[in-house]
1. With a 10 Å cut-off between alpha carbons and a GNM built on the chain, which of Gly29, Gly11, Gly102 moves the most?
2. I'd like to know which of Leu117, Val93, Val55 lies farthest towards the positive end of the charge dipole of the stretch 48-125, counting +1 on Cβ of Lys and Arg and -1 on Cβ of Asp and Glu.
3. Would you work out the charge dipole size for the chain about its Cα centre, treating the Cβ of every Lys and Arg as +1 and the Cβ of every Asp and Glu as -1, and quote it to the nearest 20 debye?
4. Which label marks the calculated value of Rg/Rh (Cα atoms, Kirkwood Rh), given the options (i) 0.99; (ii) 0.92; (iii) 0.95?
5. Would you mind computing, in nm to one decimal, how far apart the modelled labels at Ser118 and Glu131 are, each placed 7 Å from Cα along Cα→Cβ?
6. Which order, highest average first, do 93-101, 2-10 follow once you tally other Cβ atoms within 10 Å for each residue and take the mean per peptide?
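Laboratory data are not the source of any read-out in this text; all were calculated from the coordinates shown. Remember, predicted model here, so these are calculated numbers, not experimental data. Every residue, glycine as well, gets a Cβ built from its backbone with ideal geometry; the counts of neighbours run over all protein chains shown.
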Amino acid sequence: MTWQSEVLIEGEAHGEVLRFDAPISFWGGISPVTSQVILAGHPQQGTAIADKILVIPQMIGSSSSSAVMLELFYTNMAPRALILGSRDAILPVGVVVARQMGWPIIPVVVLPEAPFLSADKIYITRNGQIEKD
């Protein structure tokens, strides 16, 4: 089965999904050192996001989230890709800055109501097509 997403930042990724079951802000919600969800009471609290394809149906603001994303790149703890439920500029800014720093970057796509669940294995192509293994 395949889905077509809107590409915000082009790239390819393959891996395991981690779906956030509640809104989150990376600032105060994700540890840039361990990549773990540290937001108290969040359903995924204690789960590491490194090397996962994150499905984030809804974000909570804070422009500082882009700085946390950049720190995750710096510490080699970044996710493999971001699938956002709606357009967002904050997290993609962290990815764009990482690209400007010469670091490998990840794809960022938008797919409202993405059907993927944690532990699903998916592949994202450069043109935003998403295939489920």
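1. Gly102
2. Of the candidates, Val93 comes out farthest on the positive side.
3. Approximately 140 debye in magnitude.
4. It is the one labelled (ii).
5. Using points 7 Å along Cα→Cβ, the separation is 2.7 nm.
6. 93-101, 2-10
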